[in-house]
Amino acid sequence: MHSTEGFEQLIDNSKHLVEALKYDEVKITPLQRAKLFFELRLAYNLTVKRCDDSSLAKELINLLEECEVLLES
């Protein structure tokens, strides 16, 4: 069983990113956008494979998907 501490931190970071993207608090260059997409996909894949807490995994996956949608807009 893997510790959920890292996933909880990832949830907090993702919530902050969602808020920043929603309110256009950060200006993102195309290179930064590509890097964020890569990191979000990596986080998504790791969550699916390694997070044993299904409710935590679901919350995190939803946040990661929301971040991706906001980055596309």
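Derivation of every value follows stated rules applied to the coordinates shown; laboratory data play no part. Computed from a predicted structure; not experimentally measured. Heads up, the Cβs are rebuilt from the backbone with ideal geometry, glycines too, and the neighbour counts pull from every protein chain shown.
So how many residues does the range 51-61 have that are in a helix (DSSP H, G or I) and surrounded by 12 or more Cβ atoms within 10 Å (Cβ to Cβ)?
6
Name the residues in the range 25-49 that are of a type in the set (S, T, N, Q) and touching a helix residue (DSSP H, G or I) at 6+ places or on another chain (Cβ under 6 Å), would you?
Once the filter is applied, which keeps residues that are of a type in the set (S, T, N, Q) and touching a helix residue (DSSP H, G or I) at 6+ places or on another chain (Cβ under 6 Å), the range 25-49 yields only THR47.
Just wondering, is there one or more residues in the range 23-35 that are under 12 Å from the mean Cα position of the chain (by Cα) and surrounded by 12 or more Cβ atoms within 10 Å (Cβ to Cβ)? Outline the logic, then answer.
Here is the first cut: in the range 23-35, the ones under 12 Å from the mean Cα position of the chain (by Cα) are none.
No, every residue in the range 23-35 fails to be under 12 Å from the mean Cα position of the chain (by Cα) and surrounded by 12 or more Cβ atoms within 10 Å (Cβ to Cβ).
Is it the case, given these coordinates, that GLU65 is assigned to a helix (DSSP H, G or I), surrounded by 14 or more Cβ atoms within 10 Å (Cβ to Cβ) and charged (D, E, K, R)?
Taking the combined requirement at face value, the residue does not satisfy it.
Go through the range 12-33 and give me each residue that's closer than 16 Å to VAL69 by Cβ and assigned to a helix (DSSP H, G or I).
SER14, LYS15, LEU17, VAL18, GLU19, ALA20, LEU21, LYS22, ARG33, listed by residue number.
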